[in-house]
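Only one structure is covered here, and it is reproduced in the block below.
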Amino acid sequence: MQYRPDPKTGAPLSILGMGCMRFPANTDKTEQLIMQAIDAGINYFDTGYIYGHSEEKLGEALRRNNARDKVYISTKLPVILLRKAEDIDRIFQIQLKRLQTDHIDYYLMHMLTDAARWDKLRAWGIEEWIAKQKAAETIGQIGFSYHGGRQDFIDLLDAYDWDACMIQYNYYDENNQAGMAGLKRAKEKGLPVIIMEPLLGGKLATGLPQKAVNAFKKADPNLTPAGWALRWLWNQPEVTVVLSGMSDETQLAENVKTAANARPVMLNDRQLAVYGAVRETMKHTKEIPCTGCHYCMPCPRGVNIPLCFSSYNTSRNIGYVTGLKLYVMGAGMVSTKAETGSARRCNECGRCEPHCPQGIAIRRDLRTVRKRLEPFWVRGIMALARKFVIRD
């Protein structure tokens with residue numbers, strides 16, 4: 001197993017981390033999988049309060065095998081469920097009990113979407129609470145996981161002296177959400193960057209069109225599409241840990257094998273060109289030709305134009321649910337500001353279109369996005385969900 005240091009602490013973190021949201025249903029199999037991962041050198045385990053019984057299963061497996069000191073535990077405070085300041089400590093104490101530990105190594109604000117959400121937590125005294133927990137050594141590092149647009153991510157990075165961050169990032173949507181620019185900015189600030197969704201929920205492993213699979217196979221018949229996806233991430237020195245929701249021994253063995261040979265800047269120009277070819281084969285004929293350059297931004301109405309187009313394209317090329325998830329996360333379902341980046345906010349002023357290098361009819365295509373990704377039932381769910389987020 002390869003390790004990369006946490007820039008803040010120097011702690012050696014395994015470049016392959018175990019995402020614990022998709023543990024097997026069988027508790028014994030889960031324990032066996034966890035211990036096999038540890039034996040293979042994986043020392044970063046990421047779970048969350050809302051991941052079913054994930055925290056309990058991880059905690060029990062580590063206790064039964066006396067393995068707590070062999071790993072770094074990352075779990076998350078479910079910001080969306082907080083109703084009052086007291087909920088912060090109440091939930092944290094539940095998590096310590098579930099995980100059967102007296103400290104959390106990496107404690108993340110779950111789905112922190114914008115600086116306004118963080119400001120609300122600050123008003124509740126979370127900075128003082130964090131300082132208290134750090135002094136008591138019940139929390140090691142504090143960070144946040146992110147789903148949203150690039151600028152909001154950068155604003156969040158500057159809003160607090162964070163110790164870590166987690167972003168969704170992969171070769172298919174390198175300019176979506178925080179994107180490559182956000183990754184590099186986090187590295188500049190000296191943060192370890194944890195990568196989630198490296199395979200887009202498995203789509204980049206088993207959901208590729210055959211032409212894309214053939215392109216990878218032709219370049220290296222011994223490497224699977226999942227291996228190609230992971231190598232693209234590990235090729236970037238800014239990436240610290242790549243999480244994989246490995247749910248069986250086969251997936252674990254394959255990913256461990258790929259990680260064993262991973263190094264920063266290991267891909268040559270010919271190999272990098274393969275990813276470009278694969279992306280081209282994945283494009284749907286109805287794709288909006290947005291490159292994510294952000295020249296159209298900022299929108300005076302707050303529409304996150306690149307996110308809208310990237311989500312739409314993902315819904316066409318990868319799958320509707322995957323694209324919808326990207327859109328809902330980034331466009332306001334869990335934001336303090338209703339539909340903050342939604343295509344629905346566009347009033348067709350047209351200021352964006354002269355700045356687009358691709359000559360995209362942005363106003364027209366935002367209507368297309370709205371029609372596909374904001375049908376009435378999605379708007380209903382979004383409105384209902386906002387009743388359960390932090391209120392101003």
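Rule-based calculations on the coordinates, nothing more; no lab input. All values derive from a computational prediction rather than experimental measurement. For neighbour counting, all protein chains shown are included, and Cβ atoms are generated from backbone atoms with ideal geometry for every residue, glycine included.
Go ahead and run the numbers for FRET between Leu272 and Glu86, Cβ-Cβ distance against an R0 of 56 Å, rounding to 0.05. Numbers along the way, then the final one.
Values: r = 50 Å, r/R0 = 0.90.
It comes out at approximately 0.65.
A protection proxy built from the mean count of other Cβ atoms within 10 Å ranks the segments 26-38, 10-22, most packed first, as 10-22, 26-38. For Gln358, the shell of other residues with beta-carbons less than 13 Å away shows a net charge of -3, using +1 for Lys and Arg and -1 for Asp and Glu.
Within the chain, the proportion of C-alpha pairs whose separation exceeds 33 Å stands at 31%.
Report the local net charge at Met109: Lys and Arg +1, Asp and Glu -1, summed over other residues whose C-beta lies under 9 Å from its C-beta. Here the charged neighbours net out to +2.
The label-point distance for Ala253 and Val321, in a model that sets each label 7 Å from Cα toward Cβ, rounds to 2.8 nm.
Using just its DSSP H runs of length 4 or more, each adding -39500 (n - 2.57), the chain gives a mean residue ellipticity at 222 nm of -13500 deg cm²/dmol after division by all residues. Using every pair of separate Cα atoms, the Kirkwood estimate puts the hydrodynamic radius of region 25-178 at 16.4 angstrom. Identify, among Ile195, Tyr327, Ser54, the residue whose Cα sits farthest towards the positive end of the charge dipole of the chain, taking +1 on the Cβ of Lys and Arg and -1 on the Cβ of Asp and Glu, with the dipole about the Cα centre. The residue sitting most towards the positive pole is Tyr327. Placing +1 on the Cβ of every Lys and Arg and -1 on the Cβ of every Asp and Glu, with no other charges, gives the chain a dipole of roughly 1360 debye about its Cα centre.
With charges only on Cβ, +1 for K and R and -1 for D and E, what is the dipole size of region 27-132 about its Cα centre, in debye, rounded to 20? Show your work: numbers first, answer last.
Details: 16 positive and 17 negative charges, 43 e Å.
Rounded to the nearest 20 debye, it is 200 debye.
The Cys residues in the chain with no partner Cys Cβ within less than 4.7 Å of their Cβ are Cys20, Cys165, Cys290, Cys293, Cys299, Cys308, Cys346, Cys349, Cys356.
Remark: spin-label model distance Lys184-Glu137 equals 4.0 nm, labels positioned 7 Å along the Cα→Cβ axis.
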